[in-house]
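Below is one structure, written out as structure tokens, with a few remarks after it.
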Amino acid sequence: MTDLTAFWQEIEAVWRRGVFGVEIDSILLAIAIFIVFVILRGLFTWIVITSLGRLTAKTETTVDDQILAAMKEPLRFTFFVAGLFFAMRVAPLPEGVDAYVTKVIRSLIAFTIFWAIYRMAIPLSFALDRAFTAMRGQELGAALKNFAVRVFRVIIVVLGIAAILEEWDFDIAAVLGGLGLIGMAVAFGAQNLISNLFGGLVIFLDKIFVEGHWIRSADVEGTVEKIGFRTTKIRRFDKALVTVPNAKLSDDAVVNFSLMTNRRIYWMIGVEYRTTQEQLAQVVRGINDYVYGNDDFETDPNRVSTLIHVDSFNDSSIDIMLYCFTKTTKWAEWMEVKERLLYHIKGLVEDAGTGFAFPSSSLYVETLPFGRPEAIPGTEDNAPERPASPDSGGGQQAQITEKRPARGPSPGQDQAEEGRKSSAHHTGPDTGDEGEGS
């Protein structure tokens, strides 16, 4: 019986000594309290978060849904920190261990606070988004909002780390002072980084372009995929990705095709020189009627200039200038509008009885070393002989003219054509009036 009593006393001694001087009953109570908070976290998620989710789903705005989603995990983690705190209160640890655990709990509290603020950056940015949208437009507001959120999150991370380090007795002021000396040295090497950062701000504030715009700079043309702190990523049309420093884009001349109000068509349509004035007027009038009577084209003189006129006498053609704008700025739709316009102009020229000009040339041979050129059958009697040039070595001078097919001479040209044929020999079949071409 005495041995049994002694054994029980040993059990009581071990129980009272516990772990780190904490009785085992206090440790079990602390574990129970922690488990209760874990259970409360599950109930909070199941009842409170789920109920709030149903309420926010019924509202028209999405801001409340984003706030709830952002705060869900920090709130759940708060139960874990609270359970740890209250568990330590019922199971007091030795002074050295208690001070260490207290720093851990305070660090977790600081982490939870800054984590919640970090996650709230996106849903609370709607105020900034609305402010810039009201001032400068929806697209710039969204782009600048994303940029500001990234900057704000970096600041929150730095402050959170500083708060946690202070809990562990780090002298943040001394650290920052040392970093200031290092920063002066780093600043000289970070000039490009700073200039690119300000270049990005200039791109946002001046609304030069936003993500998704089609732009062309001095070195690259493509679609903007991402505007970052230092660089902008542009996807070329061959699907290659180009990374350009923001400072370069903010300083260069940038063409933003996505901001076009209309897309231009500028053609010089060359017709044959045999085209009469009436035929020219018919073609110009037909183009004019098509452009002004088609909804594909913008013809409001307050917005665009539309010019359809006979422009000039070119080397081998009479040129008609077509200068107009389409309502669409999309490339595929613009190509379809151009195609239909081409078909119509082709039909107009054919219906007018004329044709499109193309290049032609005349070749003049001063001396033929083998004597007189071979005559074309049927022209021997009409081709007068020319006396030999005194310095030609007794050869014959001839003109060889390259001709182009014609649709038939215009009135008054038959006699002139016969005169030209009678004074020249041809090396091949007659191909039309000398003036044809484009």
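The values are calculated or read from the model by the stated rules, or taken from the named source; none is laboratory data. For clarity, every value in this text was computed on a predicted model and none was experimentally measured. Glycine gets a Cβ as well: all are built from the backbone with ideal geometry, and neighbour counts include every protein chain shown. The accessibility values were calculated without ligands, DNA or RNA, using every heavy atom of the protein model including side chains. Shrake-Rupley method; radii C 1.70, N 1.55, O 1.52, S 1.80 Å.
Relative to the present Cα-Cα distance, how much length would full extension add between residue 230 and residue 150 at 0.36 nm per residue of separation?
Details: separation 80, 0.36 × 80 = 28.80 nm, distance 1.26 nm.
Full extension of this stretch gives 27.5 nm more.
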Please list, in order along segment 234-248, the HN-Hα scalar couplings obtained from phi with the Karplus expression 6.51 cos²θ - 1.76 cosθ + 1.60 (θ = phi - 60°), rounded to whole Hz, x for Gly and Pro. 10, 8, 5, 6, 8, 6, 7, 9, 10, 9, 10, x, 4, 4, 5
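Roll a 1.4 Å probe over the protein chains and send me the accessible area per residue for segment 264-303 in Å². Don't skip to the end; give the middle numbers.
Details: 2280 Å² over 40 residues.
I get 57 Å² per residue for segment 264-303.
Rounded to the nearest 0.05, what FRET efficiency do residue 157 and residue 344 have when you use their Cβ-Cβ distance and R0 = 60 Å? Walk me through the numbers on the way to the answer.
Details: r = 63 Å, r/R0 = 1.05.
After rounding, the FRET efficiency stands at 0.45.
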Return the sequence-ordered ³J(HN,Hα) values of segment 210-220 in whole Hz as given by the Karplus equation 6.51 cos²θ - 1.76 cosθ + 1.60 applied to θ = phi - 60°, using x for Gly and Pro. 9, 4, x, 7, 8, 10, 9, 10, 5, 10, 8
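Fully extended, how many nm does the chain gain between residue 63 and residue 113 (0.36 nm per residue separation, minus their Cα-Cα distance)? Each step should come with its number before you reach the end.
On the way: separation 50, 0.36 × 50 = 18.00 nm, distance 2.03 nm.
Result: 16.0 nm gained on full extension.
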Short version: ³J(HN,Hα) in whole Hz for each residue of segment 282-294, in order, from phi by Karplus 6.51 cos²θ - 1.76 cosθ + 1.60 (θ = phi - 60°), x for Gly and Pro, what are they? 5, 5, 4, 5, x, 5, 4, 5, 5, 5, 6, x, 10
Starting from the Cα of residue 361, step 7 Å along the direction of its Cβ; do the same at residue 48; then give the gap between the two resulting points in nm. 9.0 nm
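I need the per residue convex hull volume for segment 198-286, using only the alpha carbons, in cubic angstrom as a whole number.
Spread over its residues, the Cα hull of segment 198-286 gives 147 Å³ apiece.
With the other protein chains left in place, how much accessible area per residue, in square angstrom, belongs to segment 35-79 at a 1.4 angstrom probe? Intermediate results must be reported in sequence, preceding the final value.
Details: 2970 Å² over 45 residues.
I get 66 Å² per residue for this part.
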State which entries of 58/327; 58/233; 72/145; 58/330 exceed 30 angstrom in Cα-Cα distance in the structure shown. 58/327; 58/233; 58/330
Kirkwood hydrodynamic radius (C-alpha pairs) into Stokes-Einstein, segment 205-350, 37 °C and 0.692 mPa s, D in µm²/s: 183 µm²/s
Given 0.36 nm per residue, what is the gain on full extension from residue 169 to residue 201 after removing their alpha carbon distance, in nm? 7.8 nm
